[in-house]
Amino acid sequence: MRDSARAVIGAVCSGFTELPAPPEGGSATDGPIGWPGYDDARARAAERTGEPESVVCGVGQIGGTEAVVIAWEFGFLGGSVGRRTGDRIEAAFTRARELRAPVVSMIATGGSRMQEGMVALSQLQRIARQAALLRDAGLPQIAVVRDPTTGGGWATLGAGSDVTLALPGAQVGFAGSRVRPPGDASAYTAESQLASGHVDQIVPAAELGERLGRWLSLLTGADGRPAPPPAALGRVDLPEDGWTAVRAARAPARPRAESYLDAYFDWREDLGGDRCGGVDPGVRCGFGMRSGVAIAYAAQCGTATLPSGFRTAARLIRLADRLGIPVLTLVDTPGAANDPAAERSGAGAAIAEVFAAVAGARVPVTTLVIGEGGSGGALAFAHPERTWVTPDSYFSVTSPEAAASILKRPSEEVPVTANQLRLRPQDLVELGVARGIVGR
């Protein structure tokens, strides 16, 4: 049995105060298109659930953060969205802007209400408009997709939120179970949406209140100051020549992004993908808390960065910029993935997204090169004025091997080429590419 809207609210929220229902417009019998028996169906749904509509809206505290909560009551006509549902959601978003509060949507819906025809479907435009106004106000929006979340509920507040959490095993997808083509039903699950980069995290119901509280504190906890560069975790001696620098950056034992993130943040939460169907395990993006201040991060993990990794990083930087949260980027990649699959997935356009996101950011972006800095795939993550390097890193126009190949040099001249590229940490500072070398 599915939890009621009020049970879901009670599990995550304290001090909940329901918003007054907007005045009901229109008095046509059986709704706006005169659907036979619609009034009776609504009355039965209200009697069964104790709710006058398919959403419950109000204001409460989640983990110490005041938020506007919109919770769907699936027992009311399958949580379907009609005109009065749209009235309530619009009023909730309006109240969020008045309070300067985030919105948390707890969704469980089968989609638009058939008995209201196009009037019901057009509520999605109203909802999208309200979400856009909230974004323009610099306020965050979190969605929790419950079972099921299909149709317009998924295609607006579900997939369109800044952060999307899902309950395990939930049915999630644009097509509901009665209208989708026969085939692989596993594609319409929270787990599949996570693997495809459309959901950020799957959270057990018992942990939902705590995780929502963490996310809300992260998305509202910035102070606007630049993120300080992390301290070096690896070697502290500087390389004597370029090839030594390259070998140090490629050393298997060198600390990677995960170690830097763990050392830098008190705790953190990851975003899950690019919202375009892809997840790059070689890029970690999310928000972390450091000494009570929220900082966003986009970190390369030492592998060739996929188009989905660049798109996820661009998504993270744009979101942080809108919410006024400073960004930390960690550079560590031999370069962008350049195989046929990467090209077909739009490698160039994805890299361009990150360059544009960094260049256009109004919040400060701090960069630390912690390993390999290979070509444009690494440079896209780096801020042109606030980049630091570790002693066991290098940054180069391309790898020494690729440079030798381009210059038609034999392989034995790769070390000489590395020296000529002036890619050592101290070279980068002298050239003005980096502001400094971090120590421990």
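The numbers here are math on the coordinates, done by the rules we state, and not lab data. Just so you know, these numbers come straight off a predicted model, no measurement behind them. Ideal geometry is used to build each Cβ from the backbone, glycine not excepted, and the neighbour counts take in all protein chains shown.
Suppose each label sits 7 Å from its Cα in the direction of the beta carbon; what would the Val429-Leu407 distance come out to in nanometres?
Those two pseudo-labels are separated by 2.6 nm.
Over the stretch 2-83, what portion of Cα pair distances is larger than 23 Å, expressed as a whole percent?
28 percent
Taking the Cα atoms only, what angle lies between the long axis of helix 208-219 and the longest principal axis of the chain, rounded to 10 degrees?
It works out to around 60 degrees.
Could you point to the residue in Ile406, Gly278, His383 farthest towards the positive end of the chain's charge dipole, with +1 and -1 charges on the Cβ of Lys/Arg and Asp/Glu respectively?
Farthest towards the positive pole: His383.
Loop-only check: which trypsin sites (Lys or Arg not before Pro) in the stretch 12-115 are DSSP coil with at most 11 other Cβ within 10 angstrom?
Arg100
Per 0.36 nm of contour for each residue apart, how much would the distance between Glu98 and Phe355 grow if the chain were fully extended, relative to their Cα-Cα spacing?
89.1 nm
In debye, nearest 20, what is the charge dipole magnitude of the stretch 5-219 about its Cα centre with +1 on Lys and Arg Cβ and -1 on Asp and Glu Cβ, if you could check?
With Lys and Arg at +1 and Asp and Glu at -1, about 220 debye.
In a shell of Cβ-Cβ distance under 9 Å around Phe76, excluding Phe76 itself, what net charge do Lys and Arg (+1) and Asp and Glu (-1) give?
-1
Given the DSSP H assignment, sum -39500 (n - 2.57) over each helix run of at least 4 residues in the chain and divide by its residue total; what's the result at 222 nm in deg cm²/dmol, nearest 500?
It comes out at -10000 deg cm²/dmol, rounded to the nearest 500.
Using label points projected 7 Å from each Cα along Cα→Cβ, tell me how many nm separate Asp184 and Ala28, to one decimal.
Taking the two extended label points, one gets 4.3 nm.
Once phi is turned into θ = phi - 60°, what whole-Hz ³J(HN,Hα) does the Karplus curve with 6.51, -1.76 and 1.60 give for every residue of the stretch 253-261, x standing for Gly and Pro?
Per-residue couplings from phi come out as 7, 5, x, 9, 4, 4, 5, 5, 5 Hz.
Just report the Cα centroid separation between the stretch 358-419 and the stretch 1-76, whole Å.
54 Å
Putting +1 on Lys and Arg Cβ atoms and -1 on Asp and Glu Cβ atoms, find which of Asn419, Ala294, Ile370 reaches farthest to the positive end of the dipole of the stretch 242-437.
The listed residue farthest towards the positive side: Ala294.
What does the charge dipole of the stretch 242-437 about its Cα centre add up to, to the nearest 20 debye, if the Cβ of each Lys and Arg holds +1 and the Cβ of each Asp and Glu holds -1?
Roughly 300 debye, rounded to the nearest 20.
Can you work out the PRE-style zone for Ala263? Point 7 Å along Cα to Cβ, and I want the residues of the stretch 325-363 with backbone N under 16 Å.
329-332
Pop a pseudo-label 7 angstrom from the Cα along the beta-carbon direction at both Asp136 and Glu66 and give the gap in nm to one decimal.
Between Asp136 and Glu66, the simple spin-label model gives 2.4 nm.
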